[in-house]
Amino acid sequence: MPQDTQSRVFLRPLTEDDFTEKYLAWFADPEVTRFLEAENITREDAIDHLRQGRVNDAWRLYAICLTGSEQHIGNLKIGPIHWKHKLSDLVTIIGDRGVWGRGLAREAIRQGAQIAFEELGLRKLSASIDSANTGSIKAYTAAGFEVETSLKHQFMHPGPDGTTLSDKVYVSCFNPDFSAGNGS
């Protein structure tokens, strides 16, 4: 897959060799997993998820890597893919906290959308984000996604003053090669 020489990150298919101790530590870090369902995963869990996506053609997993050093800093998932309607979620995680706040997720999201639209022929991508996760909302909207809707009080967060509630924000992006009525 050609790399944008201007981009600070590139995507490559995730492999079983990527499931290192460093990788597994991302999913044991409460700051990294604060807004994720997946936490404290094992290497076997990761391998099973990777293989299941391949066998069922249900999702594609990519490593987000720094251009130049090729350091693996996160993951991007296109899926679950709904082939009949040409829809998918696009999910990102930057596991390496040392690179947070630099706009790298935005670049990875743009590249993931390009793969989904140009290589997989999908017409719409979506992501659901906890409204408390302002960094992710900012990354997706900066990458060209738009807020489509939100569901009130979907998430509960324990805190020192009791439980707080936050909304589920849905963002989406459409493939520009599809128009509303062309059906192609």
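The values are calculated or read from the model by the stated rules, or taken from the named source; none is laboratory data. Fair warning: this is a prediction, and the values are worked out from it, not measured in the lab. Glycine gets a Cβ as well: all are built from the backbone with ideal geometry, and neighbour counts include every protein chain shown.
Of note:
- Among the candidates 37, 31, residue that is among the acidic types (Asp, Glu), in contact (Cβ under 8 Å) with a residue 12 or more places away in the chain and not in a helix (DSSP H, G or I): 31
- The single condition from (1) free of Cβ contacts under 8 Å to residues at least 24 places away in the same chain; (2) part of a helix (DSSP H, G or I); (3) in contact with a strand residue (DSSP E or B) (Cβ under 9 Å, 6 or more places away or on another chain) that residue 48 fails is (3).
- Considering 87, 66, the condition of being out of contact with any Cys (no Cβ under 7 Å at 6 or more places or on another chain), among the hydrophobic types (A, V, I, L, M, F, W, C) and under 22 Å from residue 172 (Cα atoms) is satisfied by 87 alone.
- Matching residues, region 59-68, being surrounded by fewer than 19 Cβ atoms within 10 Å (Cβ to Cβ) and modelled with pLDDT of 95 or more: 59, 66, 67
- If you filter region 59-69 down to residues that are in a loop (DSSP other than H, G, I, E, B) and touching a Lys or Arg at 6+ places or on another chain (Cβ under 9 Å), you find that the one that is nearest to residue 122 (Cα to Cα) is 59.
- One residue from 20, 5, 15 being hydroxyl-bearing (Ser, Thr, Tyr), closer than 21 Å to residue 112 by Cα and at pLDDT 90 or above: 15
- Only one entry of 26, 59 meets the criterion of being of a type in the set (Phe, Trp, Tyr) and over 13 Å from the mean Cα position of the chain (by Cα), and that entry is 26.
- There is at least one residue in region 19-27 that is touching a Ser or Thr at 6+ places or on another chain (Cβ under 7 Å), assigned to a loop (DSSP other than H, G, I, E, B) and not aliphatic (A, V, I, L, M).
- Residues of region 168-184 classified as modelled with pLDDT of 95 or more and either exposed (fewer than 11 other Cβ atoms within 10 Å of the Cβ) or part of a loop (DSSP other than H, G, I, E, B) (or both), total: 1
Okay, residues lined up against (1) in contact with a Cys (Cβ under 8 Å, 6 or more places away or on another chain); (2) among the aliphatic types (A, V, I, L, M); (3) under 26 Å from residue 142 (Cα atoms):
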| position | (1), (2), (3) |
| --- | --- |
| 12 | yes, no, yes |
| 44 | no, no, no |
| 74 | no, no, yes |
| 80 | no, no, yes |
| 92 | no, no, yes |
| 101 | no, no, yes |
| 104 | no, yes, yes |
